[in-house]
Structure formats: structure tokens, C-alpha cells
């Protein structure tokens, strides 16, 4: 074998592109985490917000249209800003094999630019995965805008993950608004980092970019979920925390494909890893294409961590309910363990 091979030349390149305020906040969090497996790019029409965001690349679009003051909640203004800054955007996102788009739907820069940036990314041959938030039920007009933006966005993404704000409200009803949105930021940021780290860094059972393309390529709606467990029943706790976390509401019955990656200490056995994989993919089609990977992480000690991507699922949009006190108590331990990650 040639000892002078430049392995970086054959390494897939990833980027997380935050669009608008919500998307830029997620990019800022990833950058501050010190993410090494992907570049972060913040794109906005609001120069004031952009100035407080940390990212590898920052791009103010539509300067002549918005004067750097934002889109005012109008998706059409944001879309026009993206169109007039098309060449700058293409240059910023060029050269990446996998692009994650993070944006809030329901109006403004995120909803207006996400479909356009997704189309640009697809045209250059990137695998495009979108994480988007869906407005509260009481925001009627914003939901109408969100539905339009989602319809346009999904035409140019390989996979789209929707997080409903109402699910956040049902799970964290007593949190201050700012803290509640931080929870969503953490969920998305950790899912993105989990995916990129899993592909970029070596594992005991490797998952690579080709596996990711197999599962996410033209897969439609997907869910990316994570769970953790510790102690004697760590496998069962990890499965439960994965399946019961309500911010990622979805129907997996009959889903056709999934990617599962398990992390644990040297004490993790093959039997435990297999049970984790089987648990988080329960209900999938009998002939579903499941790709499995595992990595040893000594720092986890007696904990296990599982990430799953299930495609072809149906989001439970509009079916959110507030939990009763009894229901809250049954998931309290799950939430506490999840917050250790999120």
C-alpha cells in the first residue's frame, strides 16, 4: 500500500448551514461545542444577529434589499434576498458532500431561504438533510407559511426532519420560553454532531458516507433520534429514552430503512449492542434495510449511547397533547437522562 496516500483527499466533507435566526443559533451552538467533523455556515438577512453568531463562515444576504435589517417575517423578502445573493451562497456551500440545513419555518429568513439553498446544494451534488421547526398551533398564519415552505423545501432535500414547537411545550411546559427553545437547539445540534462524528471518525463497526447516502438519499421524511442509558439496565433505559422522547414525534410502523450507531465502553457486549439496535428499530418493515455500527468510547464507563436515523416515517403533525401529571412522572427519569446529552 502507498504510504504517501493523502487520506483527507478521500474524506467526505460536511457542512451545517444555519438559515435565519433559529438556524444561525444552532450553528453558533455547534461552533461553540468545538465541532470538528463539519464546517459551520451562518446565513442571514439580519446583520445585528449575524454579528453575535460564531461560525466558520458567515454570510449576510440581500444587503440592498433588507439593508441588513432582516426580512420582517416575510418569506418572499427572504427568498428575494437569497436569489440576489445566489453566487455568494453557492460559493459558501460548494465542495461539501453532505449539507445539513437548519431553519425555522413559519415566515422570515429561514422559511424563505431554505428551499432555495436546498436547491443550490442539490444542484452541486450534495446529500441534503434539513432540520426544521414547525410553529405552535396558535400561530395560525405562521403555520400556513410553514406548510408552504415545507412543501417547497422537501422538493430539494433528500431527507427532512421536522420538530414541532408544540411538542417542546408539552414536554417542558414550565420552562421559560428562551430555555425551551434552547432545548430544541440542543436536540438538533447533538443529532447533527452525532451523525457527522459517526461518519468522520473511526468506529469498531464503521459507518461511512456511502451508508449515509444509502439510508438518506431521496428518503423523504426521516427522524434522527438519540438515547442514553446507564447501570444494570442501561440497554432498556437507552431504548426507552430513544423511543419516548416527544420532540421527535413520528410513526415508524412499516418504515423501510434505518441507520443505527451504538457507543459504549470496552465493557459493551455484542449482545447488548444488538439488543439496542433491535429495540430502536422495532416496528419497522420485516425487510427494512438496517445499517448498524458501533464505537468504543472508554469515557462512557457504564453508559451506552445510541443514535438512530429512520426514514420514510410520518410526523404526527397536529397530534400533540399536554402530558398529565401521571404521564410526566413515568417519563421523568427518561427526560433526566436525555438532558445529560441535550
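The values are calculated or read from the model by the stated rules, or taken from the named source; none is laboratory data. Everything numeric here is computed off the predicted structure, so don't read it as measured data. With ideal geometry, Cβ positions are generated from the backbone for all residues, glycine too; neighbour counts draw on all protein chains shown.
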So which residues in segment 251-282 are in a strand (DSSP E or B) and either modelled with pLDDT of 85 or more or buried (at least 17 other Cβ atoms within 10 Å of the Cβ) (or both)? 257, 258, 259, 260, 261, 262, 263, 264
I'm trying to understand the selection: among the residues of segment 81-97, which are part of a helix (DSSP H, G or I), in contact (Cβ under 8 Å) with a residue 24 or more places away in the chain and out of contact with any helix residue (DSSP H, G or I) (no Cβ under 8 Å at 6 or more places or on another chain)? 88, 92
Sole residue being at negative phi, in a strand (DSSP E or B), in contact (Cβ under 8 Å) with a residue 24 or more places away in the chain and in contact with a helix residue (DSSP H, G or I) (Cβ under 6 Å, 6 or more places away or on another chain), chosen from 55, 78, 42: 42
Single condition residue 117 does not satisfy, out of (1) outside any helix (DSSP H, G or I); (2) under 19 Å from residue 25 (Cβ atoms); (3) touching a strand residue (DSSP E or B) at 6+ places or on another chain (Cβ under 7 Å): (1)
Answer from 71, 159 - the residue that is in contact with a helix residue (DSSP H, G or I) (Cβ under 6 Å, 6 or more places away or on another chain), within 16 Å of residue 23 (Cβ to Cβ) and at pLDDT below 95: 71
Give the residue that is nearest to residue 215 (Cα to Cα), with candidates limited to residues of segment 120-137 that are outside any strand (DSSP E or B) and touching a helix residue (DSSP H, G or I) at 6+ places or on another chain (Cβ under 9 Å). 126
Return the residues of segment 15-39 that are part of a strand (DSSP E or B) and farther than 13 Å from residue 100 by Cβ; say none if nothing qualifies. none
